[in-house]
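Colleague: Structure provided below as C-alpha cells; questions to follow.
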Amino acid sequence: MILTDVAEFLTALPANRAICGLDLGDKTIGFAVSDLRRQVATPVLVIRRVKFTEDAARLLALLAERQIAGIILGLPLNMDGSEGPRVQSTRAFARNLEKMTPLPISFWDERLSTVAAERALLEADTSRKRRSEVIDQVAAGYILQGALDRMGFMVRQGNDG
C-alpha cells in the first residue's frame with residue numbers, strides 16, 4: 001500500500017519493527033535500515049540493478065530477512081519542488097513493488113541527499129573508489145534518517161499534545 005503522507009505511513013507500522021530506506025538510481029539501489037525503535041538509519045548495501053523482477057526479488061528477500069515493516073523511497077524532486085522523469089520512474093517502481101508486498105510504502109524528498117552523503121564521505125577521507133561503491137547506500141541512509149526524524153517528531157508531538 002502506497003501512503004503519500006508520512007503520518008499515514010507511521011500509523012500503518014507495527015511497533016518495534018525496523019523500516020528501510022531506498023535510494024533508487026538507474027544502475028543501483030541504495031539500501032538502509034533503521035533500528036527497531038526507528039531512531040537511527042544505517043546504510044547497509046547497494047543492489048546492482050538488472051531488471052525490475054530481479055531487483056524486486058532481491059529487495060523482497062532483504063525485507064523478509066531483516067523483518068522490515070515498511071519502505072521509504074527517496075523521491076528525486078527537482079530543486080524547485082517540481083516532478084520530473086525520475087520522480088515518475090520512482091512512483092512507477094513503487095506501484096510495481098506494491099503489487100508484490102503488503103508492506104506500506106511512502107516517499108521522502110531526497111533533494112540533496114547525495115550531496116550530503118558525498119560531503120560526509122569526503123570528510124571521512126574516503127577514497128574516490130570507495131565513495132563510488134557506497135554513495136548510494138549512504139544516500140539511502142540520509143533519506144531514511146530524514147523520514148525517521150520527522151516520524152519521531154510527530155510521535156513526540158502526539159505524546160505532548
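Here, each number is a calculation from the coordinates, and none is a lab measurement. In this text the structure is predicted, and so the values were computed from the model without any measurement. Backbone-built Cβ (ideal geometry, glycine too); neighbour counts: all protein chains shown.
Colleague: Sequence gap at least 6, Cα distance under 8 Å: using those rules, report the relative contact order of the chain to the nearest whole percent. Write down the numbers at each step before the final one.
Modeller: Values: 282 pairs, mean separation 53.6, N = 161.
Computed over the chain, the figure is 33 percent.
Colleague: When the dipole is taken about the Cα centre of the range 6-160, and only Lys, Arg (+1) and Asp, Glu (-1) are charged at their Cβ, what size is it in debye, to the nearest 20?
Modeller: 360 debye
Colleague: Roughly what % antiparallel, to the nearest 5, for the DSSP beta bridges in the chain? Each step should come with its number before you reach the end.
Modeller: On the way: 12 of 21 bridges.
Within the chain, antiparallel bridges account for around 55 percent of the total.
Colleague: In percent, how large is the relative contact order of the range 1-65, given Cα pairs closer than 8 Å and 6 or more residues apart? Could you put the intermediate results ahead of the total?
Modeller: Working: 75 pairs, mean separation 13.8, N = 65.
Dividing the mean separation by the residue count of the range 1-65 yields 21 percent.
Colleague: Right, here's the next one. Rounded to the nearest 500, what is the chain's calculated 222 nm mean residue ellipticity when only DSSP H runs of at least 4 contribute -39500 (n - 2.57) each, over all residues?
Modeller: -16000 deg cm²/dmol
Colleague: Sticking with this structure for a sec: Which distance in nm do the two modelled labels at R66 and D109 give, with both placed 7 Å along the Cα-to-Cβ direction?
Modeller: Distance between the two pseudo-spin positions: 2.5 nm.
Colleague: I need the peptides 51-61, 21-31 ranked by packing, meaning the mean over residues of other C-beta atoms within 10 angstrom, with the highest value on top. Write down the numbers at each step before the final one.
Modeller: Working: 51-61: 14.0, 21-31: 22.1.
Peptide ranking by packing, descending: 21-31, 51-61.
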